[in-house]
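K.L.:
Right, I'll just put the structure down here and ask away after.
The values are calculated or read from the model by the stated rules, or taken from the named source; none is laboratory data. Since the structure is predicted, the reported quantities are computational estimates derived from the model, not experimental observations. In this analysis, Cβ positions are derived from the backbone assuming ideal geometry, glycine residues included, and neighbour counts consider all displayed protein chains. Ligands, DNA and RNA are excluded from the accessible area calculation, which covers all protein heavy atoms including side chains. Shrake-Rupley method; radii C 1.70, N 1.55, O 1.52, S 1.80 Å.
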Amino acid sequence: MDEMVLTVGTGSTWAMRAALVLGLSGLAWRERAFDLADAADMHRLKQQAPAGLVPWLDHGAVRVHDSLAIAEYLHERCPERHLYPSDRAERALARSLCAELHAGFGQTRTLLPFFLGAPRVQEPPLAALPELARLQVLWSQAGAGFYFGAPGIVDAFYAVMAQRLFNYGIWLPGAAGTYQRHLLAWPLWQETLARATEQWPGLAAQPQG
């Protein structure tokens, strides 16, 4: 069977999302990492991926760039895992939720940059308030526990956002906050976060093939 290799970057939230979906897939894979803060490492990365972006997934002769495309590829590879909901309407909603996160929330990303380390309390920036209000609407519609009842791609994509808000001491109220807390306590997210924090820098320091 062809080996599956996920290329990640230190501190990359998109790589964390791809790693989460891989964890949900039940497939075997390994990771290799680049230090995105190191100029020499970035030069090596661009030699292999001219856009200079992570993550990408190599699976035999197939290379898939971008976390959303990786998620779709894995959904097709293992339909029995139901990474998207089985119901057609719910599946369409799940794809819409992922696409909205993928393309939006620019003020939140810019003004509340993701970081690894101890949380710090900060008032939400005024420019990000409309996006936080939108998150509250979306997360208030989540089911009990995970968005569609069982863990899936939507939860993998929004777990990083839940952590981003937590890093600044931001908790959404009501049902949205309940979903945020559930994502933060999700063992697969905690495992992925630990790997990103502790293992990816070490992998980046190793010679890259």
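K.L.:
Looking at Arg109, Arg95 in this structure, which one is out of contact with any strand residue (DSSP E or B) (no Cβ under 8 Å at 6 or more places or on another chain), more than 30 Å from Arg44 (Cα to Cα) and at pLDDT 95 or above?
P.N.:
Exactly one residue qualifies, and that residue is Arg95.
K.L.:
Across segment 4-17, what is the number of residues that are over 22 Å from Gly117 (Cβ atoms) and of a type in the set (A, V, I, L, M, F, W, C)?
P.N.:
Taking segment 4-17 as the starting set, the residues that turn out to be over 22 Å from Gly117 (Cβ atoms) are 4-7.
If we keep only those that are of a type in the set (A, V, I, L, M, F, W, C) too, we end up with 4-6.
The number of residues fulfilling the criteria is 3.
K.L.:
Gly26 is checked against (1) over 18 Å from Gln199 (Cα atoms); (2) open to solvent by less than 10 Å² (accessible area, probe 1.4 Å) and fails just one. What number does that condition carry?
P.N.:
Every condition holds for Gly26 apart from (2).
K.L.:
Identify all residues within segment 188-206 that are under 18 Å from Gly117 (Cα atoms), open to solvent by 20 Å² or more (accessible area, probe 1.4 Å) and of a type outside the set (Ser, Thr, Tyr); write none if there are none. It would help to see each step written out before you state the result.
P.N.:
Our first condition is that a residue be under 18 Å from Gly117 (Cα atoms); within segment 188-206, this holds for 189-202.
After this cut, where a residue has to be open to solvent by 20 Å² or more (accessible area, probe 1.4 Å) as well, the list is 190-191, 193-195, 197-199, 201-202.
Across segment 188-206, the qualifying residues are Gln190, Glu191, Leu193, Ala194, Arg195, Glu198, Gln199, Pro201, Gly202.
K.L.:
In addition: Provide a single number: the residues in segment 59-72 that are surrounded by 17 or more Cβ atoms within 10 Å (Cβ to Cβ) and either within 18 Å of Arg30 (Cβ to Cβ) or without any contact (Cβ under 8 Å) to a residue 12 or more places away in the chain (or both).
P.N.:
Result for segment 59-72: 5.
K.L.:
If you don't mind, another one. If we keep just the residues of segment 127-169 that are open to solvent by less than 10 Å² (accessible area, probe 1.4 Å) and in a loop (DSSP other than H, G, I, E, B), which is nearest to Arg95 (Cα to Cα)?
P.N.:
Gly152
K.L.:
Out of His43, His82, I need the residue that is free of Cβ contacts under 8 Å to residues at least 40 places away in the same chain and either open to solvent by 60 Å² or more (accessible area, probe 1.4 Å) or over 21 Å from Ile153 (Cα atoms) (or both). Which one?
P.N.:
His43
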